[in-house]
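Just so it is clear, none of the values below were taken in a lab; they were calculated from the coordinates. Note that the coordinates shown come from a computational prediction; the quantities given were computed from them, not determined experimentally. Cβ sites come from the backbone with ideal geometry, for glycine too, and all protein chains shown count toward neighbours.
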Amino acid sequence: MYESQIEHISEKLSFIVASPAAQRLLTHAEVLSQTDVPVLITGEAGSGKATVAQLIHTHSPRSGFDFFTVDCGAVTHGSLENDLFGCENVGASGHIESNFGKFEQCAQGTVLLEDFDVMPLALQQRLLNLLETRRFVRVGGRASIRPNVRILASSGIDLKSAVQEGAVDHELYNRLSVFELHVPPLRDRFDEIPLLLQNFVNRWTRQYGLPVPKFSSPLLHACHNYEWPGNLAELENFVNRFLVHGDERAAIDELQLHRVLEMTIRSANLDFEPARVDTRATEETPSLKLLVRNAKEEAERSAIAQALEQTNWNRKATARLLNISYRGLLYKIQEHHLFPPAKLVRTDSLASKEAKVATAFGSGTTGRNHS
């Protein structure tokens, strides 16, 4: 069996090593940490790219200085340029007012550009120029500035295709990809799941002041049989909900329902991931992460609605069809605001009890999202 270890990055962040893939990633990160070259970190959403970036920073000579993360997809493009490079304006008194960007604020530290591929091409070219010359000029300024900062970049898309489509500057990609670390998805690191579960449990029980629960064999089996398309972020959120609700049966039902939904979507030739969105088109375009989450929720709602229709809204038959508990189904019906057709509305006492259970379950949901 592979010997596991935990690399503690900070009080709330660790890098789990329990597989050959994770060991290779750790080794390469440690080697690159001793240089000052830009590093491109790739991998699916939620796989731990930001953790790997912080691992590089922690092992580097810059570890005593700041580590900044800039989510390029969460900032409007005009603001993003100012946020990174800073700007200069003439004040009311005629004096020049300088605002430092992240590259200056993070002096001697490290800046991670998350989802750098959503930058407009003009800003990508400014970044390329900074990497090549180690100099830049603030927006609206004239003086050349030489920042002492290390730059890391991450992306969760197929960058080669993005380059071919003209969405990513090919010279910038070539510059960044000289040193690339790929973070494998959790489905390729199943050996790490028990250690990851325990790590998340320890963290959140300390924060919530709760006793540390034990994962039963059925729950561990359900975790191993689930592919975790949301990777580490999804696993952490799952642990968070489990600790808050304290309902092991509901946790197992959740994983089983998600497995059924994935198989339903595959059989219908549907895809959770939306097409690549050109976020340069408008500052009001929602982030890719939000689109993915909305697509997943809509897919789940659609699959449950189809199963209910198939069973003529027989809830017990629907629960059996989806391979989840009856109570779990009632909760999902309430969560997605699903209602039977008027001709199927029942007024007997059983329907009344079901509505009360669903309402109580819905109002008691206090799970938190820390993705």
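What is the distance in Å between the Cα centroid of the range 40-112 and that of the range 174-206?
23
Ratio of Rg to Rh for the range 5-184, alpha carbon only, Kirkwood?
0.99
Hey, rough spin-label estimate for Gln5 and Gln164, points 7 angstrom out along Cα→Cβ, what's it come to in nanometres?
The two pseudo-label positions are separated by 4.0 nm.
List the residues whose amide H sits under 5 Å from the amide H of Val149, counting only those 5 or more places along or on another chain, with H placed 1.01 Å from N in the peptide plane.
Here the answer is Gln108, since their amide H atoms fall under 5 Å of that of Val149.
With the convex hull built on the Cα atoms of the range 109-239, state its orientation-averaged projected area in nm².
Dividing the Cα hull surface by four gives the mean projection, 11.6 nm².
Which ³J(HN,Hα) values, rounded to whole Hz and listed in residue order, are derived for the range 23-39 from phi using the Karplus coefficients 6.51, -1.76 and 1.60 in 6.51 cos²θ - 1.76 cosθ + 1.60 with θ = phi - 60°, glycine and proline given as x?
Karplus values, whole Hz, x for Gly and Pro: 5, 4, 5, 4, 4, 5, 5, 5, 5, 5, 5, 8, 10, 10, 6, x, 10.
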